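Down below is the structure, laid out as structure tokens.
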Amino acid sequence: MAYILDGLKHGLAILMPPNREILQIVILSLAVSGGATFLAALAAIPAALVLALKEFRGKRFLVGAINTALSVPAVLIGLLVYGLVNRRGPLGLLALLFTPGAMVMAQALLAFPLITALALAALTGIARDARDLALSLGANRLQLALAVIRQGRFAFLTALIAGFSRVIGETGMTLMVGGNIKGQTRVLTTAISLETMKGNFEIGIALGIVLLLAALVINIALQWAQGK
């Protein structure tokens, strides 16, 4: 216990004030995970709206596929992205491997089914009620969609919070496609893993504290926006 408390003490000392390298890691972590969540939401929210509002053949299969994707291990997504962006892959010419772009791609794929599933679960009841009300008032499809979007804005923010929280804490997948290159692709989770394995427990604790605070601040901000 004394070892852990001593590491915590030294970890806090490292953060007062944080050095340039830690700040760079924090900024990159937020940029990668925030960008991935945003890109995932651009596809996930329209997909959830379509699935909530439309009835079509194969809908149950798509919903089942999205729910099944929730259980896919992140490392398999990392393996898929690695296969796509390495030199012999179909996207090899873009030279994305071991860049923030590959990390964003992998994290976006990880966040997409989670955001879609959460948004769809919340929108299903909203869409049913909004459809009945809109049709009784003579609304068209566009007006119906806008009404569902307005009523579902809280569900969207909840889904975004969950998606961001999921990807910012991911290590293995991010390490696989990012490479943990100092000053280029090193983010909080991969830096914590590296420093801990090197025996720099206090640095790992310091970075862990920063990761916890960063996730907490982002989540509080999104929840505040949700409340507003």
With +1 on the Cβ of every Lys and Arg and -1 on the Cβ of every Asp and Glu, and nothing else charged, how large is the dipole of region 151-228 about its Cα centre, in debye rounded to the nearest 20? 220
Here, L212 and F38, labelled 7 Å along Cα→Cβ, have an inter-label distance in nm of 2.9
For G152, residues with placed amide H under 5 Å, excluding near neighbours: none
Burial ordering of F61, F98, fewest other beta-carbon atoms within 10 Å first: F61, F98
A121 to M16: extension gain in nm, 0.36 nm per residue of separation minus the Cα-Cα distance? 33.5 nm
Pairwise FRET efficiency - A221 versus R87, Cβ, R0 = 41 Å, nearest 0.05: 0.55
With R₀ set to 30 angstrom, the calculated FRET efficiency between the beta-carbons of Q24 and L94, to the nearest 0.05, is 0.80
Assertion target for V72, V26, V177, ordered by fewest C-beta neighbours within 10 angstrom first, is V72, V26, V177
Hey, what do the phi angles of region 157-168 turn into as Karplus ³J(HN,Hα) couplings, whole Hz, using 6.51/-1.76/1.60 and θ = phi - 60°, x for Gly and Pro? 5, 4, 5, 5, 4, 5, x, 5, 4, 5, 7, 5
Dipole check, region 27-227, charges on Cβ (K,R +1; D,E -1), about Cα centroid: among A74, F156, F56 the Cα furthest to the positive pole belongs to F56
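Bear in mind these aren't lab numbers, they're just calculated from the coordinates by the rules spelled out. Treat the numbers as computed from the prediction; the structure is a model and nothing was measured. Note that each Cβ is placed from the backbone with ideal geometry, even for glycine, and that neighbours are counted across all protein chains shown.
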